[in-house]
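Right, one structure below, let's go through it.
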Amino acid sequence: MEKQIYTKKNKSKSPAIFLDRDGTINEEIGYLHKIEDWEWCTGAIDSLIKLSETNYKIIIITNQSGIARGYYSNYDVYKLHSWFYNEIKIRSGRIDAIYFCPHHSQFGELRNCNCRKPKPGMIFEAQKDMNLNLTKSWLIGDKVSDVQAGQKAGLRTILISAAKKQESSHNSYYADYSAINLKSAIDSILTLK
Ligand SMILES: [Mg+2]
Ligand SMILES: [Zn+2]
């Protein structure tokens, strides 16, 4: 897996909020890799700024099989990540780390990695890198595979799903909570705390 870590390892264990990327903080367009195609989800910037004022580590974990498929490179992803990291930083917010899985089960050299969600590899790696307290941590994502990765690591989970999907969704009960967007998910965590 690939990682960008922007924070120091605390001596005491920190709680964290793990965020999926595509469909959670930015609009899902499929194999996004260009800065000019990036579009923040409504309220996502403000939510990240608000979260920056808490003691939660903010960690993004994202599957990027477009690399295994040959659509774009690790470098493209690093460049995009550095860009949006900075977009938050210049607004006095923070992102503590970003992990991505460049693999896929049917493409590329490594086909049975331990990092592609629903596997929890990126979460456990972050736990080691940043001394995290996973039982006090959360995962927010828009797919069941995000929720599954979170559950395997013992996190509490929130599934983001659009209102129309939520009514009939068989998925909403699967996570601990469901929310219509990132803002609502983060507001719930901060209220529950
Ligand atoms: Mg997603
Ligand atoms: Zn992987």
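Restricting attention to the stretch 60-96, the residues that are more than 16 Å from ligand 2 (Cβ to nearest atom) and farther than 18 Å from Trp38 by Cβ add up to 3. Scanning the stretch 5-40 for residues being buried (at least 16 other Cβ atoms within 10 Å of the Cβ) and within 25 Å of Lys119 (Cβ to Cβ) gives a total of 15. Residues of the stretch 113-124 that are surrounded by 19 or more Cβ atoms within 10 Å (Cβ to Cβ) and part of a helix (DSSP H, G or I): Gly121, Met122, Ile123. Scanning the stretch 133-162 for residues that are crowded, with 24+ Cβ neighbours inside 10 Å and assigned to a helix (DSSP H, G or I) yields Asp146, Val147, Ala149, Gly150.
Conditions (1) closer than 15 Å to Ser65 by Cβ; (2) touching a strand residue (DSSP E or B) at 6+ places or on another chain (Cβ under 6 Å); (3) within 16 Å of ligand 1 (Cβ to nearest atom), marked per residue:
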| residue | (1), (2), (3) |
| --- | --- |
| Ile95 | no, yes, no |
| His104 | yes, no, yes |
| Cys115 | yes, yes, yes |
| Leu134 | no, no, no |
| Ile140 | no, yes, yes |
| Ser145 | yes, no, yes |
| Gln148 | no, no, yes |
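Of everything listed in (1) surrounded by 18 or more Cβ atoms within 10 Å (Cβ to Cβ); (2) within 16 Å of ligand 1 (Cβ to nearest atom); (3) of a type outside the set (Phe, Trp, Tyr), the single unmet condition for Met130 is (2). The single residue among Tyr72, Tyr85 that is more than 14 Å from ligand 1 (Cβ to nearest atom), part of a loop (DSSP other than H, G, I, E, B) and at negative phi turns out to be Tyr72. When the stretch 39-61 is filtered for residues that are over 28 Å from Met130 (Cα atoms) and touching a residue at least 24 places away in the same chain (Cβ under 8 Å), only Thr42 remains. Residues in the stretch 43-71 that are under 16 Å from the mean Cα position of the chain (by Cα) and surrounded by fewer than 14 Cβ atoms within 10 Å (Cβ to Cβ): there are none. Candidates in the stretch 92-112 are the residues that are part of a loop (DSSP other than H, G, I, E, B) and of a type in the set (A, V, I, L, M); of these, the one that is modelled with the lowest pLDDT is Leu110. Restricting the stretch 72-103 to residues that are within 17 Å of the chain's Cα centre (by Cα) and of a type in the set (A, V, I, L, M), the residue that is farthest from Lys3 (Cα to Cα) is Ile88.
The values are calculated or read from the model by the stated rules, or taken from the named source; none is laboratory data. The structure displayed is predicted, hence computed values, not measured ones. Cβ: placed from backbone, ideal geometry, glycine included. Neighbour counts: every protein chain shown.
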